[in-house]
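Remarks on the structure that follows.
The values are calculated or read from the model by the stated rules, or taken from the named source; none is laboratory data. Just so it is clear, the model here is predicted, and its values are computed rather than measured. Neighbour counts are summed over all protein chains in view; Cβ atoms, including those assigned to glycine, are modelled from backbone coordinates with ideal geometry.
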Amino acid sequence: KTELSSFHTCILHQPRNQYAAKIKATPSHESDRIKSIIMIRFFLLQNRQGKTRLSKWYVPPPTNTSNNNPSSSSNGSQIPYQNASYTTTNQTEAEKVRIESEVHRLVTSRDKKYTNFIEYNNYKLIYRRYAGLFFTIAVDVADNELSYLESIHLFVELLDSYFANVCELDIVFNFNKVYSILDEYMLAGEIEETSKREILDRVKFLEKLE
Amino acid sequence: MSSQARGLNNFISDLRNSKSREEESNRVEVELAKIRKKFNPGDSKLAADGSNPSLSSYQRKKYVWKLVYIHVLGYEVDFGHAEVLALVRSAKYSEKVVGYAALSLLLRGSDPVMASVIGTLKADLTAGPGDAARGKKAKGAVKNDAVQCLALCSLANIAGLELIQAMHVEVQRVLVAPSSTEQVRKKAALCLLRLTRTSPNLLSGREFAPRVANLLQDQHLGVLTSVMSLLSCLASQQTPEYEGLIPHVVHILSKLVMKKNCARDYLYYRTPSPWLQIKLLKFLQLYPNAIENNTAEYTSQLINVVSKIMIETDVSESINKSNADHAILFEAVNLIVVWGPTCPVEMREGAMKILGKFISVREPNIRYLGLMTMAKLAQIEGSVEGAKKHQATVLVSLKDADISVRRRALDLLFVICDTDNAERIVDELVAHLVVADASIREEMVLKIAILAEKYATDLRWYVDTILKLISISGDYVSDPIWHRVVQIVTNHPQGDLQGYAAATLFVAVSPHRAHETTVRIAAYILGEFGFLIAERPGMSGEEQFRVLHQHWFTVDMQTRAILISTYAKLANLYEECRPLVAPVFARSKNSVNVEIQQRCAEYAAMREAFSPEAVEDLLREMPPFEDRRRSALELRLLETEGENSAAVAKASVPSAVEEQRALQMMQ
């Protein structure tokens, strides 16, 4: 099979961002912030041209603009879509496509020297590029950005182990495998398991059952 | 890949070889039509559930996978539900896998089809490993664990309200059952989490907390990770009920941080499961009073843990390890922020020092997070002084190329702004406004206006600042901002503020080209306070009229309406203005705009209709505006940033200067 792009070199030779010099709210507001929903909204893999290779949504996208208003999403632990009026599946799908293309525009237009975090509507996009693919996780403002950056990395390591020098084509032809690996790693918008061995052993075990 | 159908592979290849989107779309249509026919050939009978019994297992799986792939590509798939359900109900694992995957991806929780799946879901879910299959007992037991996981996974992905009501009791049972495998437990925890999010307060905290305590005894770190996610959500819904779990959580955190006691598989670049540590810290952030109780054993444990994290986190060769370690560090600092004044002061100062180093590093992620976290830390009483020391560095970040960093710098500057540094900060912000990105301009203008008002010891500087804002970025100066200027000037008859404002605005509106907003404020202020400067050379009543009227033809209707009121006041005060004003009223009496028409007509007729004293009365100076608790600017900030923004918290607290002004007003 032809390789359009290779991740392997990317993982082994991470850019070394050394620091230049080596180093060492009122409280109730902060814990109030935590009380709002904190979870992964969606996980996206897109190539440079904008084609979506993997798209996992853990909450449906808000379909009316009032849902992008921060004050409406801070009522306790309600997921934003509770406030939206009932929308048809088609509207939701159309909205997903719209958001995905906007995300693509945002992540491809950022310089390498910038942070890996984009503040978007009332959540944050954490993204990183591996060869020709952009991995983007959308999380809440109160979420831990660096930890999700490393979650992306862990996922790439998972794919790399499973496919042995994974490339974009592997993901295209084995989309069902990729989704099943993802389902062992993340569920309901949370990280379920962080041991690569556990995840991969389980995936292989389930395969044998088929 | 055993279940990869060749047909599917060929289909994917075909689509990839399409030369245009249209070609791909056609190919997809052809395939959809083919599959539709296969599912419902028309001639043969369909089974009771709507599926086609003549399809082989291989075929059914292949076609459903194709439908899923088509859906993933972004095309609409609105048939095939019966086949999907047939797969889900099958006893064969390989068919269930495809069925459940398709169910999760193709259907919504609110879909009426879901109701028919509930029975199968329940059965699959509760078939524990205890249920021995006929024949090969061991294999059967293990297979059931996989089926349970499939069901849980799907439920977690879909979670419609009906499903929740039907299933949540089962999911709970599976979660706490001692016979459930770890795989099942993980998934059950997150599934329950999903159900609770859709249906808050589903579980009673008092009843469920002891069960969570049990779950936390598990040694498997994957299970702990999932359970902690569930716990954090439950605790955020019913915080007091889960307080008893703090010692358990601290114990686990302690093991990971102090003793680095962790299975090798869970080491991420030699750090014990950073994700689990972060979840533990996040749970603790729900309890700001946790360390107030000095006698509890966990208090000292917790303080030790946080200290250790702060002291030992360092940069490493591997960027991934660095990121993981610093992710933990930032979460620990967030915990310090939550503790606020209950946190020992050395710890807070230590945290501020670390953040101070972070905001000057080149690595952009760390700099960004440093700025963001410092803004939170600086809000704790007494900590803002520590943050102010870094003002120069933050000002540099204000000019960073990355907009994300600039936003954080702006936020932090807002938080550390105080009477002593307000002038410097506001001047820098105004200077920066000139080159600012459009997306951040409105925010900047709003914040500058709020800061200038809050910390101006001399209100004349405040007026100057707003005027500068208008001249630089007038389009982003919303009405509430200039209304506020008017309010403040009106409410401060002391000193020469009103005269100063009138004179400054006179000068501002003198050139031929002035921003619309400038004209509006000038019109109002000169109308009210122009008499204070009428004796000055070049600023007589007549001059005031001319300087305003030169803009008459370029301003919009709203501004003209204000001008008309001003002209009426001028005509009242200065005889020489009356012949100048009358023609304007006469011309505009027939204006298309109702407001202008009305004003012109009424003002023109006023002199005739009422006695001079009555006219005086009507056109008297406006009384002071009443002081509402939250100004319109604060409300606008609240609207854009939400309740939990550092800036909003800061804006709502009156500064020393503001309190002084309030006192003066009352006298």
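Here B:Leu87 fulfils each of the conditions (1) hydrophobic (A, V, I, L, M, F, W, C); (2) more than 37 Å from the chain's Cα centre (by Cα); (3) over 25 Å from A:Leu182 (Cβ atoms); (4) at pLDDT 80 or above apart from (3).
Applying a threshold of 8 Å to beta carbon distances and a minimum spacing of six or more residues, or different chains, the list of pairs starting in segment B:195-208 at a residue that is within 9 Å of chain A (Cβ to nearest Cβ) and buried (at least 18 other Cβ atoms within 10 Å of the Cβ) and ending at one that is β-branched (Val, Ile, Thr) and not in a helix (DSSP H, G or I) reads B:Arg197/A:Ile37; B:Arg197/A:Ile79; B:Thr198/A:Ile79. Among the residues of segment B:85-104, the ones that are out of contact with any Lys or Arg (no Cβ under 9 Å at 6 or more places or on another chain) and hydrophobic (A, V, I, L, M, F, W, C) come to 5 in all.
Quick grid of which residues meet (1) more than 11 Å from every other protein chain (Cβ to nearest Cβ); (2) over 18 Å from B:Ile246 (Cβ atoms); (3) surrounded by fewer than 24 Cβ atoms within 10 Å (Cβ to Cβ):
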site: B:Ala290; (1), (2), (3): no, no, yes
site: B:Tyr298; (1), (2), (3): yes, no, yes
site: B:Asn304; (1), (2), (3): yes, no, yes
site: B:Ala327; (1), (2), (3): no, yes, no
site: B:Pro341; (1), (2), (3): no, yes, yes
site: B:Val345; (1), (2), (3): yes, yes, yes
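Flag set for B:Val333, criterion: of a type in the set (A, V, I, L, M, F, W, C), surrounded by 24 or more Cβ atoms within 10 Å (Cβ to Cβ) and more than 8 Å from chain A (Cβ to nearest Cβ).
If you check A:Ile118, A:Ile99, A:Ile152, which single one turns out to be of a type in the set (A, V, I, L, M) and within 23 Å of A:Glu192 (Cα to Cα)? Result: A:Ile152 is the single residue among A:Ile118, A:Ile99, A:Ile152 that is of a type in the set (A, V, I, L, M) and within 23 Å of A:Glu192 (Cα to Cα). In segment A:90-109, which residues are within 8 Å of chain B (Cβ to nearest Cβ) and surrounded by 16 or more Cβ atoms within 10 Å (Cβ to Cβ)? The answer is A:Thr92, A:Glu93. Can you pull out every residue in segment A:101-118 that is of a type in the set (Val, Ile, Thr) and over 20 Å from A:Ser151 (Cβ atoms)? Passing the criteria: only A:Thr108. Out of B:Glu616, B:Glu621, one residue alone is more than 21 Å from B:Val485 (Cα to Cα) and at pLDDT 80 or above. It is B:Glu616. Looking at the structure I just gave you, is B:Phe11 at pLDDT 80 or above, more than 12 Å from chain A (Cβ to nearest Cβ) and touching an Asp or Glu at 6+ places or on another chain (Cβ under 9 Å)? Answer is no for this residue. Any chance segment B:610-622 includes a residue that's within 14 Å of chain A (Cβ to nearest Cβ) and among the aliphatic types (A, V, I, L, M)? No: zero hits. In segment B:303-332, of all residues being hydroxyl-bearing (Ser, Thr, Tyr) and more than 28 Å from the chain's Cα centre (by Cα), the one that is farthest from B:Ala375 (Cα to Cα) corresponds to B:Ser318.
Being out of contact with any helix residue (DSSP H, G or I) (no Cβ under 8 Å at 6 or more places or on another chain) and β-branched (Val, Ile, Thr) is a property that does not hold for B:Val434.
Quick check, is A:Phe155 assigned to a helix (DSSP H, G or I), at pLDDT 85 or above, buried (at least 20 other Cβ atoms within 10 Å of the Cβ) and not aliphatic (A, V, I, L, M)? So A:Phe155 passes the test. Within segment B:148-155, is there a residue that is farther than 29 Å from B:Glu29 by Cβ and either modelled with pLDDT under 85 or more than 36 Å from the chain's Cα centre (by Cα) (or both)? Yes, that holds for at least one residue.
Considering segment B:571-642, there are no qualifying helices (runs of 4 or more DSSP H) wholly inside with 3 or more residues that are surrounded by 14 or more Cβ atoms within 10 Å (Cβ to Cβ), within 47 Å of the chain's Cα centre (by Cα) and aromatic (Phe, Trp, Tyr). Every condition in (1) touching a helix residue (DSSP H, G or I) at 6+ places or on another chain (Cβ under 7 Å); (2) more than 7 Å from every other protein chain (Cβ to nearest Cβ); (3) surrounded by 17 or more Cβ atoms within 10 Å (Cβ to Cβ); (4) farther than 22 Å from B:His220 by Cα holds for A:Asn165 except the one numbered (3).
Considering (1) touching a Ser or Thr at 6+ places or on another chain (Cβ under 7 Å); (2) more than 10 Å from every other protein chain (Cβ to nearest Cβ), the lone condition that B:Gly244 does not fulfil carries the number (1).
With a requirement of 1 or more residues that are over 27 Å from A:Thr194 (Cβ atoms), the helices (runs of 4 or more DSSP H) lying completely within segment B:154-217 that satisfy it span B:161-176, B:205-215. Residues that are more than 13 Å from every other protein chain (Cβ to nearest Cβ) and either surrounded by fewer than 17 Cβ atoms within 10 Å (Cβ to Cβ) or of a type in the set (Ser, Thr, Tyr) (or both) within segment B:252-269 comprise B:Ser254, B:Lys255, B:Met258, B:Lys259, B:Lys260, B:Asn261, listed in sequence order. Considering segment A:110-161, and only residues there that are under 25 Å from B:Asn334 (Cβ atoms) and among the polar types (S, T, N, Q), the residue that is farthest from the other protein chains (Cβ to nearest Cβ) turns out to be A:Thr136. Of the candidates B:Gly99, B:Gly80, the single residue that is in contact with a helix residue (DSSP H, G or I) (Cβ under 6 Å, 6 or more places away or on another chain) and on the phi > 0 side of the Ramachandran plot is B:Gly80. Looking at segment B:377-392, is at least one residue within 11 Å of chain A (Cβ to nearest Cβ) and modelled with pLDDT of 90 or more? Among the residues of segment B:377-392, at least one is within 11 Å of chain A (Cβ to nearest Cβ) and modelled with pLDDT of 90 or more, which makes the answer yes.
Please verify whether B:Ile448 is crowded, with 23+ Cβ neighbours inside 10 Å and closer than 30 Å to A:Leu106 by Cβ, treating the condition exactly as stated. Here the answer is yes, as B:Ile448 does meet what is asked.
The residue that is modelled with the lowest pLDDT, among those in segment B:52-70 that are among the hydroxyl-bearing types (Ser, Thr, Tyr) and under 18 Å from B:Ser25 (Cα atoms), is B:Tyr69.
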